[in-house]
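Data first, discussion second: the structure below is written as structure tokens.
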Amino acid sequence: MVVSTAKLAEKIQLSDSDLRTYYDAHKTDLRYLEPQKKIRYVYVDTEKVGSKLQIADTELKEKFDQLAPEFKMAGVKVQQILLKVARKDLDAQVEQKAKDLITKLRDAKGQSTEAAFAEAARGNSEDPVSAKNNGFLTGLVKKNPNKPHGLYDRAVDMQPGDVSDIPIRYAGHWYILRRGDAVDKTFEQAKPELLVSARNQKGYAAAFQLANKAQARLKETKDPQKVAQEFASQANMTAAEMVRETPYVKPNDDVPNIGSNQQFEQAISSLNNANDVGEATGIKGGFAIPMLVDKKEPRIPEFDEVKTKITDTVKQQKAKEQIEQKAKDLAASVTSPDALKAAGEKDGFEADVEEAYKLGSTLGKAGSSTALDDLIYGLKTGEMSKSPIKIEDNWIVVGITKREDAKTEEFAKERDQLKQSMISERQNQVFEDYIAGVQLKMRNDGSIKIYEDVLATLPEDQDQGMPGLNFPTGG
């Protein structure tokens, strides 16, 4: 259970009297030290400009032909044998069956023919869909960078014909995988993504040119609405979409629709008189052509201007004062992990269950610490921590729903492999330290000389292929 300042602050109620008391005591602290500016700007959306552009198939085909092979790959064919574990006591038996199948399937090079694996899949796999399909998955497999460590990712790294050298445990069952041939995309399959990429590239250039034209007109007319109406059709936008206005802002403010943007700040820094127009500048999603509406010099703000800010500040202060006692009260009020979850959720705090916590792990949003490890590993099943512990700004209350002690026989099986892994890691570190030391010595004694002036004349690396593309894989 995470008892956080943020969650407690949400529940704190404040009166106007509380806020005004804080305002009166901190007026100097609330002073604006820099001018505030209200900006009205004409906005050009890059994506909308790009979506209107016509891209010829010949151009897309040329881009397709230039793609590096790895970016043309639609995916690889994968065969599998799934052996399900009906009960925990059968796990070792099922694992051994998987090992026997692997021994039978793999030749001296660790490979198997498609036909041999298909026969084994039809006779042994407990996945009815792939078993009927000679072990083949219904779709192609390609790694998804947004979902690393997937079951079939390891098959992509194998060579065609390779069979996994050991059974793969996944979701409580055992898998054997065979990597088949890679399948390339056709131009028609690649075309939609190529079109998006081309429009993004050309759209940026077209939007920039359009923004510069709009900036010239805004300098002439001083009328953002009129300029928006003139360019709306070219921008593929409505005039209403193109005209935006900021509140009074100063450097480092988080501006609505723009964020904290140094380019925008620089573009408006020289605007000091009403109707001054700045240069077209890049912002989130496109370009802005800013015009100054009004300016306020450094000053102490009125109460209503900073009421929201004061509210957040006072709530945070009060929450920090109350958080420790709230966590202690919560810990004292419950006697079991289930009761803790219910009590915490009732008070609006975040409760979660970590299924397989280990030393050094991160406990959900609670984070990690040695103190947390010591606390958790000192508890037995069903026990609660008698008092909360603090991790950064949060207080943590924990209970143990289940505890599984380490199995010495499993450690004995893995001991040699763990030892060799640690030795290899230490050897690599020693070697890297040695190389770094040699390089430093050679630089110091003049054996290595870096010609910075020559490096500065070298052209920047050109993009290889189009790695930004992410075609559907069907896997």
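Figure legend. Inter-residue proximity from segment 111-133: first residues within 14 Å of D100 (Cα to Cα), second residues of a type in the set (S, T, Y), beta-carbon distance below 9 Å, spacing 6+ or different chains. Indicated pairs: A120/S112; A121/S130.
Would you confirm whether or not segment 168-176 contains a residue that is part of a loop (DSSP other than H, G, I, E, B), surrounded by fewer than 17 Cβ atoms within 10 Å (Cβ to Cβ) and free of Cβ contacts under 8 Å to residues at least 40 places away in the same chain? Quick ask: steps written out before the conclusion?
Taking segment 168-176 and keeping what is part of a loop (DSSP other than H, G, I, E, B), we get 171-172.
Still in the list and also surrounded by fewer than 17 Cβ atoms within 10 Å (Cβ to Cβ): 171-172.
Filter once more, keeping what is free of Cβ contacts under 8 Å to residues at least 40 places away in the same chain: 171.
Yes, the conditions are met somewhere in segment 168-176.
Show me the strands (runs of 3 or more DSSP E) entirely contained within segment 204-315 in which 3 or more residues are touching a strand residue (DSSP E or B) at 6+ places or on another chain (Cβ under 6 Å), of a type in the set (A, V, I, L, M) and at pLDDT 95 or above.
Those strands (runs of 3 or more DSSP E) span 286-296.
Kindly indicate whether any position in segment 125-134 is small (G, A, S) and in a helix (DSSP H, G or I). Among the residues of segment 125-134, at least one is small (G, A, S) and in a helix (DSSP H, G or I), which makes the answer yes.
Here's the yes/no breakdown for (1) free of Cβ contacts under 8 Å to residues at least 40 places away in the same chain; (2) not charged (D, E, K, R):
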position	(1), (2)
K219	no, no
K222	no, no
E241	no, no
P247	no, yes
F264	yes, yes
S270	yes, yes
N275	no, yes
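Across segment 96-148, the qualifying residues are those that are loosely packed, with under 12 Cβ neighbours inside 10 Å and among the hydrophobic types (A, V, I, L, M, F, W, C), and the one among them that is farthest from L177 (Cα to Cα) is A108. Can you pull out the residues in segment 62-97 that are in contact (Cβ under 8 Å) with a residue 12 or more places away in the chain and over 25 Å from D162 (Cβ atoms)? Answer for segment 62-97, where residues must be in contact (Cβ under 8 Å) with a residue 12 or more places away in the chain and over 25 Å from D162 (Cβ atoms): K63, F64, Q66, L67.
The values are calculated or read from the model by the stated rules, or taken from the named source; none is laboratory data. Keep in mind it's a predicted model, so treat the numbers as computed, not measured. Because the Cβ atoms are built from the backbone with ideal geometry, glycine has one as well, and the counts that use them run over all protein chains shown.
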